[in-house]
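The values are calculated or read from the model by the stated rules, or taken from the named source; none is laboratory data. Since this is a predicted model, take the numbers as computed values, not measurements. Here the Cβ is made from the backbone with ideal geometry for all residues, glycine too, and neighbour counts use every protein chain on show. Keep in mind that these areas ignore ligands, DNA and RNA; they rest on the heavy atoms of the full protein, side chains included. Shrake-Rupley method; radii C 1.70, N 1.55, O 1.52, S 1.80 Å.
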Amino acid sequence: MSSQPNGAWLTQDAYDRLVKELAELEGPRRTEIAERIAAARDEGDLKENGGYHAAREEQGMNEARITDLKRLLKDAVVGEAPKDDGVVEPGMVVTITMAGKERTFLLGNREIAEGTDLEVFSSDSPLGSAIHGSKVGDSVDYTAPNGKSLPIEITAATPYVP
């Protein structure tokens, strides 16, 4: 898995959880919101109907999440955790030293680490791109968003275990 696939890498558990969430949002949740909008609309004047406006806002957020999930799941690469070979790739918990400070994070998609305190960086992010493919013990140059070049040392890379 050293070459980056086009879609986001997800564990089977994360994929299954997201498929279930999508089904809930497209089915029962969408229906429940539509019923609340209809009930609020029946109350009359929509300009001052807080329930109507709240339900419409919730509907927008629900539809946005459905769109995000469909996009993510359409191109997702579902697989087992990468090999424990010290190579930095999606699905690895990586520890780096940058500017004298140690930092540990998951390289991958935020959906994988849902419910944890683990910070997540996409392999498409500037930091993720800089370290992707490197190995424990490597030093790489990272250009920070402010344009400053910083050396990064990879001190650990282990497969993420939920």
Problem - Over the chain: helical MRE at 222 nm, DSSP H runs n ≥ 4 each giving -39500 (n - 2.57), nearest 500 - result: -11500 deg cm²/dmol
Completion exercise
So for segment 46-113, using the alpha carbon gyration tensor with a ≥ b ≥ c as root eigenvalues (a/c under 1.5 gives rounded; past that, a/b versus b/c decides prolate or oblate), I'd call it oblate
Handout entry: Length released on extending from Asn49 to Glu153, taking residue separation times 0.36 nm less the Cα-Cα span
Key = 31.8 nm
Fill in the blank from the handout: In whole Hz, the Karplus estimates of ³J(HN,Hα) for segment 40-55 (6.51, -1.76, 1.60; θ = phi - 60°; x where Gly or Pro) are 5, 5, 5, 6, x, 3, 7, 4, 10, 9, x, x, 5, 5, 5, 5
Fill in the blank from the handout: With the 8 Å Cα cutoff and a minimum separation of six or more residues, the chain has a relative contact order in percent of 24
Handout entry: Computed E for Lys101/Glu63 - FRET, C-beta separation, R0 41 angstrom, nearest 0.05
Key = 0.55
Exercise for the section: Kindly report the accessible area of segment 100-146 per residue (heavy atoms of protein chains, probe 1.4 Å, no ligands, DNA or RNA), in Å². Expected result: 58
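Which order do peptides 83-89, 46-52, 111-117 fall in by mean Cβ count within 10 Å, highest first?
In decreasing order of mean packing, 83-89, 46-52, 111-117 become 83-89, 111-117, 46-52.
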Exercise for the section: Note down the nm distance, to one decimal, between modelled labels 7 Å out along Cα→Cβ at Gln12 and at Asn146. Expected result: 4.5
Practice task
Pop out the carbon and sulfur fraction of the accessible area of the chain as a percent, whole number, probe 1.4 Å.
Solution key: 49
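Once you charge only the Cβ atoms, +1 for Lys and Arg and -1 for Asp and Glu, what is the size of the charge dipole of the chain about its Cα centre, to the nearest 20 debye?
320
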